[in-house]
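**Q** The structure follows.
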Amino acid sequence: MAITEDAPPGAETGPAGEPGGGESRRLSSPLVLTLTLLLAVLAQSPIRGLLGTPLMQSWMTVFVAVTVQALPFLVLGVLLSAAIAVFVPPSFFARALPRRPALAVPVAGVAGAILPGCECASVPVAGALVRRGVTPAAALAFLLSAPAINPIVLTATAVAFPGRPEMVLARFLASLLVACAMGWLWQRLGRTDWLRPPTHGAHEGATKGEAFWSSVRHDTMHAGGFLVLGAMAAATLKAATPADWLRTAAVNPVFSVLALAVLAVLLSICSEADAFVAASLTQFSLTAKLVFLVVGPMIDLKLFAMQAGTFGRTFALRFAPATFALAIAGALVTGTVLL
């Protein structure tokens with residue numbers, strides 16, 4: 001008879017009964033990082049040669065330019081957004097809004113200017129407003145306007161489009177128009193069973209300091225990650241896409257608008273950085289770039305997921321397509337008048 005030793009309490013056993021059998025096959029983050037760095041050192045000669053090609057040099061130039069220009073605005077926006085979300089009580093917004101929904105919608109839309117942060121912060125704040133008794137139409141107007149008309153985003157837009165103050169004005173007016181229109185549309189056609197009451201915020205019960213730094217870490221990881229992805233996509237589009245393709249897309253007004261609207265949804269760039277990505281797409285018209293800037297902060301892949309998680313999938317499946325269509329229409333009307 002074979003005698004086996006008992007494994008210590010809490011130890012995992014693999015298929016063959018060996019302690020830690022499942023754990024031995026699991027890769028940890030430090031191990032993955034070490035292996036990546038080791039591979040980079042071993043392949044430094046091919047990598048150096050690849051980075052020296054004109055295509056990669058062009059790619060790196062665009063990527064670094066977009067990232068470096070947008071990073072200060074992203075950091076400032078994340079800090080201010082976390083401070084307002086944590087230290088300004090949601091009840092303040094409820095007291096400041098008119099009781100009549102038709103009037104509360106535009107007031108909430110304009111109030112979005114006081115939340116200097118990206119769309120990642122506007123969704124939980126809108127959920128908190130609904131929990132505090134604010135009419136959903138006003139909360140949704142706030143959700144859509146806050147990432148697009150706050151001072152950080154408008155300042156970043158002015159820096160990205162120097163000498164084009166009409167671009168800043170057009171973004172402000174188009175975004176506010178669409179936010180109010182969606183609020184009124186929900187007030188008119190929305191049903192209570194479409195909107196799931198949002199659960200308590202993730203930071204409720206924590207101290208203000210813990211909530212602040214938790215919000216900063218969360219927004220930095222999310223917004224920073226999407227900024228890098230957006231900069232990479234913009235650099236790839238700029239450097240790798242044949243010039244004839246971009247010219248063909250840019251020359252056709254209808255296709256250029258639809259292309260940048262879909263691109264805004266897919267890239268999911270933080271609103272504090274999207275102006276620099278839009279400015280790098282030099283082949284496209286200002287109106288097409290305006291569509292990119294209006295659509296992105298209102299509906300993209302991460303926003304759809306956050307809205308579905310906060311208000312329910314039934315709400316998101318109805319709200320997202322309507323927002324997408326209305327954002328394109330609002331940007332086109334505003335761009336035709338001002339640009």
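**Q** Got a sec to turn the phi values of the stretch 155-161 into Karplus ³J(HN,Hα) couplings, 6.51 cos²θ - 1.76 cosθ + 1.60 with θ = phi - 60°, whole Hz, x for Gly and Pro?
**A** Rounded to whole hertz, the list is 5, 4, 5, 5, 5, 5, 10.
**Q** Amide H of Phe284 versus every other amide H placed in the peptide plane: which residues, excluding those fewer than 5 positions away on the same chain, fall under 5 Å?
**A** none
**Q** On a full-extension model of 0.36 nm per residue, what is the gain between Val333 and Ala65, subtracting their alpha-carbon distance, rounded to one decimal in nm? List each step's numbers first, then the result.
**A** Details: separation 268, 0.36 × 268 = 96.48 nm, distance 3.10 nm.
Gain in length upon complete extension: 93.4 nm.
**Q** With r defined as the distance between the Cβ atoms of Val262 and Ile114 and R0 fixed at 35 Å, what FRET efficiency is calculated, to the nearest 0.05?
**A** Details: r = 31 Å, r/R0 = 0.89.
Computed FRET efficiency for Val262 and Ile114: 0.65.
**Q** Based on the Cβ-Cβ distance from Trp184 to Thr53, what FRET efficiency comes out when R0 is 56 Å, to the nearest 0.05?
**A** On the way: r = 53 Å, r/R0 = 0.95.
Plugging the Cβ-Cβ distance into 1/(1 + (r/R0)^6) gives 0.60.
All of the numbers you see were taken from the coordinates with simple rules; none came from a lab. If you're wondering where the values come from, they're calculated on a predicted model, not measured in any experiment. Ideal geometry is used to build each Cβ from the backbone, glycine not excepted, and the neighbour counts take in all protein chains shown.
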